[in-house]
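Here is the structure we will look at, set down as structure tokens.
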Amino acid sequence: MMLIPTHHFRNIERKPEYLQPEKCVPPPYPGPVGTMWFIRDGCGIACAIVTWFLVLYAEFVVLFVMLIPSRDYVYSIINGIVFNLLAFLALASHCRAMLTDPVRTCTEMAFTLLGRGASFPEKLDKPVSGRSKCLLGAVPKGNATKEFIESLQLKPGQVVYKCPKCCSIKPDRAHHCSVCKRCIRKMDHHCPWVNNCVGENNQKYFVLFTMYIALISLHALIMVGFHFLHCFEEDWTKCSSFSPPTTVILLILLCFEGLLFLIFTSVMFGTQVHSICTDETGIEQLKKEERRWAKKTKWMNMKAVFGHPFSLGWASPFATPDQGKADPYQYVV
């Protein structure tokens, strides 16, 4: 029995005519840099709304049940500032993770062919003079056109990957997302809580989101513990502006929410940091894909996600990371 190479299962085609480019609609002209990215998925939008609601609920309980009624003004001011700052950074990180295109592409660097340049067709993008410039954008949908395939100048024996779902020529380390309906390079997973894929361009914001949610969850749990002790020692009617039964219910719900999200986001934060340090996405680990890219140090991998060089901007969702020289997309193997 003849054995079939495993790479044949990846829709690899060697000749342009076998890619059926006539069935692919040319992709639209790329939007300007900074164009907002938003996935219109009902489940993801609902999860994003629930995320904001839970953070705002925690904000309400912390402020109006624990801090404002407290007679210790120094305690209330310090904890109020810390909790509100962390909550603001968490929501800002959530917005950046949700509204940022998960893929970073380049006009000329994106089409490097084993050390030999091949410019992107003019009908898809304008040629860039001088140093290649990186633009935001997902893997172009429907770019498996005859013109684009011919522009790759394939040699005998060279292989390109075609995604049959979005009709695109897939760069290396790209996977198709059934929710985003696009191929995402270095896709870790699709997260409904941020209504977006976690990819190379928004992974920093997703990591910050999980970190800040874990921190406010821990902070809320500590304050709930101190508030319960205070109410047991004092009169329940004086430790809150709400009735004792209402106060207990609100605090128990916040405690349950904080404990649940502390565990969940701490695990997610740890797995994301591990993926960054090993330069291996969650999908690549799950599928046990063979490593075909250069191995870097853990510190270099961290800087590739959070920016060069190390600075306080690593902890800011408003600082767009400067990844330095972007890795070229390999379309041909």
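The values are calculated or read from the model by the stated rules, or taken from the named source; none is laboratory data. Treat the numbers as computed from the prediction; the structure is a model and nothing was measured. Backbone-built Cβ (ideal geometry, glycine too); neighbour counts: all protein chains shown. Please note that ligands, DNA and RNA were not included when accessible areas were found on the heavy atoms of the full protein model with its side chains. Shrake-Rupley method; radii C 1.70, N 1.55, O 1.52, S 1.80 Å.
Taking 0.36 nm per residue of separation and subtracting the Cα-Cα distance, full extension of the segment from Leu63 to Phe38 would add 5.8 nm. Legend: distances between Cα atoms for Lys181/Lys204; Lys186/Lys303; Lys170/Lys298; Lys162/Lys204; Lys155/Lys287; Lys155/Lys181; pairs beyond 20 Å are Lys181/Lys204; Lys170/Lys298; Lys162/Lys204; Lys155/Lys287; Lys155/Lys181. Peptides 224-234, 48-58 ranked from most to least packed by the mean count of surrounding Cβ atoms within 10 Å: 48-58, 224-234. State the percentage of accessible surface on the stretch 193-286 attributable to carbon and sulfur atoms; use a 1.4 Å probe and exclude ligands, DNA and RNA. So the carbon and sulfur contribution to the accessible surface is 77 percent. Between amide H atoms placed 1.01 Å from N, distances below 5 Å from Asn196 occur with Cys191, all of them 5 or more places distant or on a separate chain. Between Val50 and Glu147, the FRET efficiency from the beta-carbon distance, with R0 = 56 Å, is close to 0.80. Distances between placed amide hydrogens fall under 5 Å for Ala174 paired with Lys186, all partners being 5 or more residues away or on another chain.
Using the 1.4 Å probe convention, the accessible area of the stretch 153-255 works out to 40 Å² per residue with neighbouring protein chains retained. Placing dummy labels 7 Å off each Cα toward the beta-carbon, the span from Lys295 to Val273 is 2.3 nm.
For Lys162, the amide hydrogen comes within under 5 Å of the amide hydrogens of Glu13, Lys170, counting only partners 5 or more places away or on other chains and with H modelled in the peptide plane. Highest average first, the peptides 188-195, 200-207, 269-276 ordered by how many other beta carbon atoms sit within 10 Å of their residues are 200-207, 188-195, 269-276. Computed from label points 7 Å out along Cα-Cβ, the spacing between Ile252 and Gln285 is 3.7 nm. Taking other residues whose beta carbon is less than 15 angstrom from the beta carbon of Ser316, and scoring Lys, Arg as +1 and Asp, Glu as -1, yields +1. Per-residue Karplus couplings for the stretch 89-99, computed as 6.51 cos²θ - 1.76 cosθ + 1.60 with θ equal to phi - 60°, are listed in order as 5, 5, 5, 5, 5, 4, 5, 5, 5, 7, 9 Hz, Gly and Pro entered as x. What whole number of Å gives the distance from the Cα centroid of the stretch 150-219 to the Cα centroid of the stretch 252-318? For the stretch 252-318 versus the stretch 150-219, the Cα centre distance is 14 Å.
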